[in-house]
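Encoded as structure tokens, the structure appears first; notes follow it.
The values are calculated or read from the model by the stated rules, or taken from the named source; none is laboratory data. This one's a predicted model, so the numbers in the text were calculated from it and none came from an experiment. Backbone-built Cβ (ideal geometry, glycine too); neighbour counts: all protein chains shown. All accessible areas refer to the heavy atoms of the entire protein, side chains included, with ligands and DNA or RNA removed. Shrake-Rupley method; radii C 1.70, N 1.55, O 1.52, S 1.80 Å.
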Amino acid sequence: MKSRLHCALVLIALTATACSKAYYGGLEKLGIPKREVMVHRVEKARETQEETKQQFKSALEQFTVLTNFQGGDLESTYRKLNDEYDASVRKADEIHKRIADIEDVSEALFAEWEAELREYTNASLRQTSSKKLTVTKTQYRQLLTAMRKAESKLEPVLNVFKDQVLFLKHNLNAQAIASLKGQLDSVKSDVSALVLEMEKSINEADSFIATMEKS
């Protein structure tokens, strides 16, 4: 088991330079099929979405703290908001990568599946496999649509946070803080919309994983 895991990690490390076909072929030689890779990547995307949801909530909390500033170390409070923004950017980048990874393996899996349908000599088995492929594709499209919708909510919220951070960087005073208070409700609404879409996407991921593991 340790040897297989070590080899898998080596292959993963080589993905930056190796093509997807060679990468997946190497994993299959280790007994790790594309189907398993796909489920694993959906699981990782689900985890990242949950972490991203919590991170944006945390950033909103820090912005709320800042707009309610009553005195103290304003520079320190600003730095905390800036740190939350940077962390949110990193999570958004991770979301983009997770989705791209899922799309990559799904293309390889479905192409292989379709090619293997032509290899059947038993028409009944071919039909059963074809129906399963159709169902899996439909569920995958639902998952990807949910993930993309949630992903689309990231940039608008990040833009708002970035504007606030840039503005405060050069205007660390009570008047600047007061000017941001009027934006708080709008920011809360944007983050709430993001969280809602993330939760929908997470639910779709749960459903997809459950279906893949049962079939």
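See the values below:
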quantity: Some residue of region 141-152 being within 26 Å of Ile32 (Cα to Cα), part of a helix (DSSP H, G or I), open to solvent by 60 Å² or more (accessible area, probe 1.4 Å) and free of Cβ contacts under 8 Å to residues at least 12 places away in the same chain; calculated: yes
quantity: Some residue of region 178-197 being out of contact with any His (no Cβ under 7 Å at 6 or more places or on another chain) and under 30 Å from Ala111 (Cβ atoms); calculated: yes
quantity: Criterion (part of a helix (DSSP H, G or I) and touching a residue at least 60 places away in the same chain (Cβ under 8 Å)) met by exactly one of Glu114, Glu199; calculated: Glu199
quantity: Residue satisfying condition, being small (Gly, Ala, Ser), in contact (Cβ under 8 Å) with a residue 24 or more places away in the chain, open to solvent by less than 70 Å² (accessible area, probe 1.4 Å) and at negative phi, within set Ser129, Ser106; calculated: Ser106
quantity: Subset of region 50-103 (residues that are open to solvent by 50 Å² or more (accessible area, probe 1.4 Å), over 23 Å from Asp206 (Cβ atoms) and touching a Ser or Thr at 6+ places or on another chain (Cβ under 8 Å)); calculated: Val65, Phe69
quantity: In region 109-126, the residues that are open to solvent by less than 30 Å² (accessible area, probe 1.4 Å) and more than 29 Å from the chain's Cα centre (by Cα); calculated: Leu117
quantity: Residue in region 90-109 that is over 18 Å from Met38 (Cβ atoms) and hydrophobic (A, V, I, L, M, F, W, C) present; calculated: yes
